[in-house]
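S.K.: Take this structure, written in structure tokens, and hold onto it; I'll ask about it next.
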Amino acid sequence: MKTLFLIFCLTLPLSSWGSGEHDHHDDAHDEELQGPHGGMLLMKGDVKAEFALIHEQDGAAFRIWLSQGTQTIDNATMTLIYQRLHEDPVTVNFHKQGAYWQGDKTVHEPHSFELTLSLQLQGKHYQWQWPSYENRVTISKEMAIKNGLTFATVQSGEIAKKLKVFGRLTASPENIANIRARFPGVVRAVYVNIGDAVKKGQKLVTIESNASLQNYTITSPIDGVIQHRNVNVGEVAADTTLFTLLNINSLWGELKIFHNQRKYIKPGQQVQVIDEDNLALTTIHHIIPGPDDAPYLLARIKFDNGDGQHMPGDLISANIIFKKEQVSLRVENHALHELDGQTVIFIKEGQNYEPRTVKTGQKDAQFTEILSDIAPGTPYVLDNSYLIKADIEKSGAGHTH
């Protein structure tokens, strides 16, 4: 089944970018005429070229119905040059096929380009030039800055190979303090309670020594929180633990590594701890056997808990990066979007922006490999690229030809 697409102008309303600062262009060619086959009619004198893009099962191709006066033209030379944003020009030659002239190249998406059609006929040269834009948006530099658009370029780089593992947070031994009396005696004052945050050197308890009958005060050896209190005024302090202090600013993560994973894991590897929508980066400090003949090893990592949002015992998941692979092209993950059922990035040239369909390969937490034929160094929108997608969808600038 064949589908014919015209190459003509569609003017769309301005939206959130602001009047005069931004516009949409879809198949831009002003005041075009339509030929008898539903294509766009190009005219110079008595020469007419009806131009269309035909979609068939094996792809799209350009087609032209050529006439002079009332007669069809069977003997001529025609070439079409089209160029997309950040791509080299493509030359299409035409050959006569029945009632029309057929282009010799399949045309892939996006169908958004500048076109130049050249015709050599009976010793005369004819030429037509026009733009045909699909989902193109024009945004001034000032408006791009105002909306927080940032940019990167398609480049080669590394993609991390990772292994998903699970484990639990535990307190650092050096951040646990069990407080005992230096000399047995009677407790005269207690200054803190369970849950109190204390600083290193802060008073905890005063005890009257049985031997000297002199008071001495015990202070906190670390910054931390009172986890346990086992002492009251008037009691005798001997060899029992009076307080347990815990500092949770730094924790350890113990990640379970099972038999089939061990060959990939070693100390020093980078680890991405998954914390809701964020990734906390650390490394494997050491690997130890699991407890009580458990069928796994424990890869231990240091975990920065400066915000105090985690506690010993919390379950965690993490990605261990065990290999980094060089790829020819990659983009940052948050530049990728779904538009019209395709994965796209928004490329940029000057003040012009367009979605470019991409085929993706492997990915990691930050980058995705691009398998499509995109030129290295092509600029694309990074931060707030979703605004362009939303604007295209809101304005209805879809696949209209």
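S.K.: Within segment 181-204, list the residues whose amide N lies under 18 Å from a label point set 7 Å along Cα→Cβ of V233.
M.R.: It comes to 185-194, 203-204, nothing else.
S.K.: I'd like the FRET efficiency for D196 and N278, computed as 1/(1 + (r/R0)^6) with the beta carbon distance as r and R0 of 35 Å, rounded to 0.05.
M.R.: Rounded to the nearest 0.05, the efficiency is 0.70.
S.K.: Taking the Cα atoms only, what angle lies between the long axis of helix 386-395 and the longest principal axis of the chain, rounded to 10 degrees?
M.R.: 40 degrees
S.K.: May I pose another question? If r is the Cβ-Cβ distance from Q155 to Y216 and R0 is 45 Å, what FRET efficiency results, to the nearest 0.05? Write down the numbers at each step before the final one.
M.R.: Numbers: r = 66 Å, r/R0 = 1.46.
So, using R0 = 45 Å, E works out to roughly 0.10.
S.K.: Now a separate question. Under a GNM of the chain (C-alpha, springs under 10 Å), which listed residue has the highest mean-square fluctuation: L204, L339, L119?
M.R.: Looking only at L204, L339, L119, the biggest GNM fluctuation is shown by L204.
S.K.: What relative contact order, as a whole-number percentage, does the chain give when Cα pairs under 8 Å and 6 or more residues apart are counted?
M.R.: Computed over the chain, the figure is 17 percent.
S.K.: Does a label point 7 Å from the Cα of I287, set along Cα-to-beta-carbon, have any residues of segment 251-267 with amide nitrogen under 18 Å, and which are they?
M.R.: It comes to 253-267, nothing else.
S.K.: Neighbour counts of other C-beta atoms within 10 Å: give me K161, K199 arranged from fewest to most.
M.R.: Listing K161, K199 from fewest to most nearby Cβ atoms yields K199, K161.
S.K.: Something else about it: What is the sum of charges around K96, taking Lys and Arg as +1, Asp and Glu as -1, for the other residues whose C-beta is under 15 Å from the C-beta of K96?
M.R.: On the way: positive: R63; negative: E50, D74, D104.
My count for the surroundings of K96 gives -2.
S.K.: Compute the label zone of N384 within segment 125-168: residues whose backbone N is under 12 Å from the point 7 Å along Cα-to-Cβ.
M.R.: Output list for this probe position: 140-151.
S.K.: Looking at [x] 27.5; [y] 22.7; [z] 24.1, which value of Kirkwood radius over Cα pairs in Å comes from a calculation on the structure shown?
M.R.: From the options [x] 27.5; [y] 22.7; [z] 24.1, the structure gives [x].
S.K.: Just the ratio, please: alpha-carbon radius of gyration of segment 173-246 over 2.2 N^0.38 Å, N its number of residues.
M.R.: On the way: Rg = 11.5 Å, N = 74, 2.2 N^0.38 = 11.3 Å.
So the Cα radius of gyration is 1.02 times the expected 2.2 N^0.38 Å.
S.K.: While we're looking at this one, here's another question. Measure off 7 Å from each Cα along the Cα-to-Cβ vector at T72 and K141, then give the distance between these two points in nanometres to one decimal.
M.R.: A separation of 5.3 nm, rounded to one decimal place.
S.K.: Search the structure for amide H atoms under 5 Å from the amide H of L242, placed 1.01 Å from N in the peptide plane, and list their residues when 5 or more places away or on another chain.
M.R.: Close amide H contacts, sequence-distant or interchain: I179, R180, A181.
S.K.: Further question on the same structure: Just list whichever of K162/K323; K256/K302; K162/K256; K141/K348; K141/K359; K302/K363 have alpha carbons separated by over 18 Å in the model shown. Kindly include the intermediate steps, with their values, before the conclusion.
M.R.: Values: K162/K323 7 Å; K256/K302 15 Å; K162/K256 15 Å; K141/K348 11 Å; K141/K359 29 Å; K302/K363 26 Å.
Checking Cα-Cα distances, K141/K359; K302/K363 exceed 18 Å.
S.K.: Cβ under 11 Å from A280's Cβ, A280 left aside: what net charge do those residues give with Lys, Arg +1 and Asp, Glu -1?
M.R.: Its environment carries a net charge of -3.
S.K.: OK, next. Show the residues, 5+ positions off or on another chain, whose built amide H is closer than 5 Å to the amide H of L382.
M.R.: T150, F151, A152
S.K.: Let me ask another. Give me the net charge for the shell around A294: Cβ to Cβ below 12 angstrom, other residues only, Lys and Arg +1, Asp and Glu -1.
M.R.: Charge balance near A294 sits at -2.
Bear in mind these aren't lab numbers, they're just calculated from the coordinates by the rules spelled out. The structure presented is a predicted model; accordingly, all values stated were derived computationally and were not measured. Glycine also receives a Cβ, built like all others from the backbone with ideal geometry; neighbour counts cover every protein chain displayed.
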